[in-house]
1. Return the only residue of LEU109, LEU85 being under 21 Å from GLU16 (Cα atoms) and in contact with a Leu (Cβ under 6 Å, 6 or more places away or on another chain).
2. Give the number of residues within the stretch 249-263 that are surrounded by fewer than 18 Cβ atoms within 10 Å (Cβ to Cβ) and touching a helix residue (DSSP H, G or I) at 6+ places or on another chain (Cβ under 7 Å).
3. List pairs: first in the stretch 5-25 and more than 16 Å from LEU81 (Cβ to Cβ) and polar (S, T, N, Q), second in a loop (DSSP other than H, G, I, E, B) and modelled with pLDDT of 95 or more, Cβ under 8 Å, 6+ apart or cross-chain?
4. Within the stretch 133-186, work out how many residues are in a strand (DSSP E or B), surrounded by fewer than 17 Cβ atoms within 10 Å (Cβ to Cβ) and in contact (Cβ under 8 Å) with a residue 12 or more places away in the chain.
5. When the stretch 55-72 is examined, which residues are found to be in contact with a helix residue (DSSP H, G or I) (Cβ under 7 Å, 6 or more places away or on another chain) and outside any helix (DSSP H, G or I)?
6. Report yes if some residue within the stretch 170-182 is acidic (Asp, Glu) and under 30 Å from LEU252 (Cβ atoms); otherwise report no.
7. Looking at the stretch 255-274, I want the residues that are not assigned by TED's automatic domain parsing to the domain that holds GLY231 and at pLDDT 95 or above and have a partner that is surrounded by 14 or more Cβ atoms within 10 Å (Cβ to Cβ) and in a helix (DSSP H, G or I) with Cβ atoms under 7 Å, at least 6 apart or on another chain. Which pairs are those?
Amino acid sequence: MMDTVAVNGEVRRLEELRLQDFLQSFFFGAGFFETFLVEEGAPMFLERHLARLRSSLTAHANCVHAPPPEVLTAGAVREALRRCLEADAHLGPRFTGVGKLVAGDGRLLLSFRALAPQHERTLREGCVLDEVEDRGYRRGDSSLNHKSVSYLRQYAHLGRGTVFVNEAGELCEVPNGNLFFLVRDMVVTPPLEAPCLPGVIRSVLLEQGRLGGLPVVERALTRARLEDVRGCFLTNSVSLVLAVPRLLGHVLTGSSEWAGDARGVVREYARREG
């Protein structure tokens, strides 16, 4: 994490933050976060991230102390981001990296980090998914529709090529993203009740409705139907779209082409939304 942050729009140094200002988030996981790509100083899909953050805060208003509404607007976050970048020479107005918003304890914390060293290589080579975790996800668990700071279940599997599967054998998501499968004559992504996170890039592709001439739909996919999958990619707000060249032992030669098409759609949406 970089040294410069903002708390409710006020630019601060990381070492100035006090634990007592984040007690509910730290001790009970009573908060939510959003991670987004910043390119040349511009946050990507910021309005969508803030809409999801506000939705989670509203759904848990009885147990999470939300920040003031005025700091949860796109204008306020853009201004806080701009002042952070200008205040820190290691960031600078043309910063490209990752921004993170954490909401809880009546505060909105904005922080920054560099892209992972393997970021460009992963974009080129994709991500192999060959491990299954089927003990923690249960169909209809709505807690997993929110990006809570209680993130240990996902964090413990980062970088391990894990697919979370529910008790019915349905593929749900990966620790850091949503899944899309090319199945016969459609592109399928698991429904929210699988459960999975309502990802920002996922929402873009569902709004687009078609990819490579095929419909994009929400539909459950079980491990028993993996033989029907011809391609796969995962989406998240930092890498945007990553090809999955191998899924649970199945080599998928078509993944790169479909991931490229999806990335083009996402980039076009980002350009239009500013």
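1. When all the criteria are applied, what remains is LEU85.
2. Adding up the residues that qualify gives 1.
3. As it stands, the answer is GLN24/ALA30; GLN24/GLY31; GLN24/VAL64; GLN24/HIS65; GLN24/ASP105; SER25/GLY31; SER25/ASP105; SER25/VAL149, since those pairs meet every condition given.
4. 3
5. The answer is VAL64, HIS65, ALA66.
6. Yes, the stretch 170-182 contains at least one residue that is acidic (Asp, Glu) and under 30 Å from LEU252 (Cβ atoms).
7. none
Residue-by-condition table, conditions (1) part of a helix (DSSP H, G or I); (2) of a type outside the set (Gly, Ala, Ser); (3) touching a Ser or Thr at 6+ places or on another chain (Cβ under 8 Å):
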{"position": "LEU197", "(1), (2), (3)": "no, yes, no"}
{"position": "ARG202", "(1), (2), (3)": "yes, yes, yes"}
{"position": "VAL217", "(1), (2), (3)": "no, yes, yes"}
{"position": "ARG230", "(1), (2), (3)": "no, yes, no"}
{"position": "THR235", "(1), (2), (3)": "no, yes, no"}
{"position": "ASP261", "(1), (2), (3)": "yes, yes, no"}
{"position": "ARG271", "(1), (2), (3)": "yes, yes, no"}
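The values are calculated or read from the model by the stated rules, or taken from the named source; none is laboratory data. In this text the structure is predicted, and so the values were computed from the model without any measurement. Reconstructed Cβ throughout: ideal geometry from the backbone, glycine too, with neighbour counts over all protein chains shown.
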